[in-house]
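The values are calculated or read from the model by the stated rules, or taken from the named source; none is laboratory data. Just so we're clear, the structure is a prediction, and the values are computed from it rather than from any experiment. When we count neighbours, we look across all protein chains shown, and the Cβ atoms used for this are built from the backbone with ideal geometry, even at glycine. Accessible surface is based on the protein model in full, side chains and every heavy atom, while ligands, DNA and RNA are left aside. Shrake-Rupley method; radii C 1.70, N 1.55, O 1.52, S 1.80 Å.
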Amino acid sequence: MDSALSDGAVRAEHGRTPELDHAASLRLTAAVGLGLVLIPVTARWLAEIEWVRYSDNATTQALFPHAIAILVTLIALSAGVRRIAPALAFGRREVLVCYICVCVGSHLAGHDMLQILYSAIAYVVHQAKPENSYADLLHPYIPTWALPTEGPGLRSFHEGGSSLADPANWASWRVPMVTWGLFTVVLCAVMFAVSNLLRMQWENERLTYPIAQVPLWMSRDEGRVMLPAPFLIGVALGVLPTLVNTIKHFQPLFPGLNVGVQYHQVPDPPWVAAGSLPEAWHPFAFGLAYLVPTDLLFSCWFFYVFTSLLRVISYARGHQAWGGFPYVDQQATGAHLGLALIVIVNARRHLRFVAREAWRPTNATEREALSYRLSLGVLGVGTLMLLGWMVALGFSPLTAVAWLSIFGATVLAVTRLRAEYGLPTNELFQKGAEYVLVGSLGSRSFGRSDLVAMGLMNWLTRTHRQFPMQVQADMLEVARRGDVGVRRMGWLVLAATVVGILSAKWALLDVSMRTGIATAKVHGPALWAFGPEPWNKVVGWIDAPTAPEFGPTVAILYGAFFCMVLYRARLAWVWWPFHPGGFVMSCTFGLARLWLPLFLTWCFKAVLLRYGGHTAYRRCLPFFLGMIVGQYTSAVLRTLIDIGWQLYLPAESGIGGL
């Protein structure tokens, strides 16, 4: 998409950044400073709209609305400054540096990261009651340094009326803030090391990074690409639902546009086995789907329909237990593991080169964010630290290795899915490492400390939707093609990560202590999902121990095997229509909500490419990108008005979440 790179971008792509004059150095320093300052601002914003209002789940999507809105604002402001003082205006490099900082740092405060952690560790302490047996079954097996303590801080967290600035509130949270903060830093460092080690391999495989192409396209030619009529028409169409639905909130008789996710259910058997049928008309979903390769669009909606029909046929044949045969959820988990194996096998030659380069360094890695020797060191030492942390939490060494291996493979798979296919979202809901281990081997195979430790680590495996590694891989591509330079990314990602973790802690705790997660003002899932889910699951494993099950294990192995078969078939036959990525994503809850935009966009793209070719595709591209930018920026503006005037606008007037 971003073939028309500037000369500076080409030089950065090949590792030869131009000499910076003094003014350019000052602009770059200012951009880094501004990007880091924006991280706590966006973290606070995320805490308000996701944690409290639960209206616009910005970080459940592959492309962050707030980052796009900030990018648009910076480009517009830079255009104005350029007319007055050209030497002070931000160029492409500077606005993308800010974008990188915001993406890397702010998502740590998002819906699928530290929000889940703080909900869970607070819930198991404050909500321990005789009827749930948390104190008897769980507390003896949880290290005290992993949990907050009862006191004013935990009480304010639930009831509100205070703030993190009150010294009395620090005692409850001081220790877990430090311990979990250090763990998160190590986790992010390990993921960045893996991203750096695989970056060159994925560049050689010509992965397109569709999500990264959006900011790259927007920042071209000083933002003038956003001026043509097709783009502005797309913006208008994207703004329309937010504008109309916000007006409807204040004027109920005004007609609205229900573009959010709606669910339809056929109650009659055997069709009831297919589950609810989502329907969504978000303009940004069509825009993001337009960036997805056509063959993958077909496979995504095809396998979604196929697995739904498979459930119906199995129900009609007598397999009526939800989650049982044909074990489509377990097949999806296996497909992710199979995709991770494919990635590793394809990179075997590159990994041998990495080992040689680490042993006897040359100048071959001068264009990388970290040297291969340093990356392997961070990966090795960091992995040992993660394993040590898990053993300290209560895992047995063998269980810790198994859990971390499955978790790492899943993270690698979802990162590859983002880099190669650019799907709007990915959600492997509650199908992570502990579900593979307990579902296959049974809870009887593990000690109680293992099971409780799995509950503590649930914040990483609840959805698999937004890991640091996915964002890091995209941002490396933005730096490579956006005149930033990959070599600058090591320290930039480290700084943004540390600031992001500190900002997330401050934003989530302070907003909670002011509002109270147990009060009526909070609509987010802290008390009804994030908090109780892991502990009720663990209590169930303890109270009703399960035996090893043959069916789920075979389904996981089959999913991995079938993913590899689809991959080999695509290599062998050009005409093969089924993409392994579509099978991998077939059972993900988030993508299921978008099957309709994926299907309709596939129909449009198939006809467009058949009769208009790539030229027609590029002509339509600004329109679809305009829909993304229009809905994202208008949604962010709506939330700022909501927060500023404390309106608590309904979720249906925003973009919701995926």
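Quick notes on this one:
- If only residues of region 581-602 that are closer than 20 Å to Gly260 by Cα and of a type in the set (A, V, I, L, M) are counted, the one that is surrounded by the most Cβ atoms within 10 Å (Cβ to Cβ) is Leu598.
- Meets criteria (touching a Phe, Trp or Tyr at 6+ places or on another chain (Cβ under 6 Å), among the small types (Gly, Ala, Ser), outside any loop (DSSP other than H, G, I, E, B) and surrounded by 24 or more Cβ atoms within 10 Å (Cβ to Cβ)) for Ser503: no
- Failed criterion for Val259 (all others in (1) assigned to a loop (DSSP other than H, G, I, E, B); (2) open to solvent by 30 Å² or more (accessible area, probe 1.4 Å); (3) touching a Phe, Trp or Tyr at 6+ places or on another chain (Cβ under 8 Å) hold): (2)
- Options Ala189, Ala168; residue that is more than 17 Å from Ile344 (Cβ to Cβ), open to solvent by 10 Å² or more (accessible area, probe 1.4 Å), modelled with pLDDT under 95 and not charged (D, E, K, R): Ala168
- Any hit, region 212-233, residues being free of Cβ contacts under 8 Å to residues at least 40 places away in the same chain and farther than 25 Å from Tyr99 by Cα: yes
- Identity of the residue in region 262-303, touching a helix residue (DSSP H, G or I) at 6+ places or on another chain (Cβ under 7 Å), over 30 Å from Trp575 (Cβ atoms) and aromatic (Phe, Trp, Tyr), that ends up surrounded by the most Cβ atoms within 10 Å (Cβ to Cβ): Phe284
- For region 337-382, taking the residues that are of a type in the set (S, T, N, Q) and either open to solvent by 30 Å² or more (accessible area, probe 1.4 Å) or at pLDDT below 95 (or both), the one that is nearest to Trp491 (Cα to Cα) is identified as Ser371.
- Total residues in region 441-487 satisfying the condition of being touching a helix residue (DSSP H, G or I) at 6+ places or on another chain (Cβ under 7 Å), of a type outside the set (A, V, I, L, M, F, W, C) and more than 26 Å from Ala529 (Cα to Cα): the figure is 8.
- When region 603-627 is filtered for residues that are open to solvent by 60 Å² or more (accessible area, probe 1.4 Å) and farther than 21 Å from Ala229 by Cα, the ones remaining, listed by number, are Val607, Leu609, Arg610, Tyr611.
- Test result for Pro40, modelled with pLDDT of 95 or more and touching a strand residue (DSSP E or B) at 6+ places or on another chain (Cβ under 9 Å): no
- The condition (being of a type outside the set (D, E, K, R), closer than 30 Å to Gly91 by Cβ, open to solvent by less than 10 Å² (accessible area, probe 1.4 Å) and not in a helix (DSSP H, G or I)) is satisfied by just one residue among Gln466, Gln472: Gln466.
- Residues that are over 22 Å from the mean Cα position of the chain (by Cα) and surrounded by fewer than 19 Cβ atoms within 10 Å (Cβ to Cβ), drawn from region 511-526: Arg514, Ala518, Thr519, Ala520, Lys521
- Those helices (runs of 4 or more DSSP H) of region 70-145 in which at least 3 residues are touching a Phe, Trp or Tyr at 6+ places or on another chain (Cβ under 7 Å) and at pLDDT 95 or above, considering only elements entirely within it, cover 114-126.
To keep it simple, each residue is scored yes or no on (1) open to solvent by 10 Å² or more (accessible area, probe 1.4 Å); (2) in contact (Cβ under 8 Å) with a residue 60 or more places away in the chain; (3) among the hydroxyl-bearing types (Ser, Thr, Tyr); (4) more than 22 Å from Val493 (Cα to Cα).
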{"residue": "Pro40", "(1), (2), (3), (4)": "yes, yes, no, no"}
{"residue": "Glu48", "(1), (2), (3), (4)": "yes, yes, no, yes"}
{"residue": "Thr60", "(1), (2), (3), (4)": "no, yes, yes, no"}
{"residue": "Leu63", "(1), (2), (3), (4)": "no, yes, no, no"}
{"residue": "Val97", "(1), (2), (3), (4)": "no, yes, no, no"}
{"residue": "Cys101", "(1), (2), (3), (4)": "no, yes, no, no"}
{"residue": "Ser106", "(1), (2), (3), (4)": "no, yes, yes, no"}
{"residue": "Ala109", "(1), (2), (3), (4)": "no, yes, no, no"}
{"residue": "Met113", "(1), (2), (3), (4)": "no, yes, no, no"}
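Per-residue answers, yes or no, for (1) more than 30 Å from Glu203 (Cβ to Cβ); (2) at pLDDT below 95; (3) open to solvent by less than 20 Å² (accessible area, probe 1.4 Å):
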site: Leu417; (1), (2), (3): no, yes, yes
site: Glu420; (1), (2), (3): no, yes, no
site: Asn426; (1), (2), (3): no, yes, yes
site: Phe429; (1), (2), (3): yes, yes, no
site: Gly432; (1), (2), (3): no, yes, yes
site: Tyr435; (1), (2), (3): yes, yes, no
site: Ala453; (1), (2), (3): yes, no, yes
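- Residue check: Trp202 meets all listed conditions (1) in contact (Cβ under 8 Å) with a residue 40 or more places away in the chain; (2) closer than 30 Å to Leu412 by Cβ; (3) part of a helix (DSSP H, G or I); (4) open to solvent by 20 Å² or more (accessible area, probe 1.4 Å) but one, namely (4).
- Meets criteria (within 24 Å of the chain's Cα centre (by Cα), open to solvent by less than 10 Å² (accessible area, probe 1.4 Å) and either modelled with pLDDT of 95 or more or within 30 Å of Ala79 (Cα to Cα) (or both)) for Trp173: no
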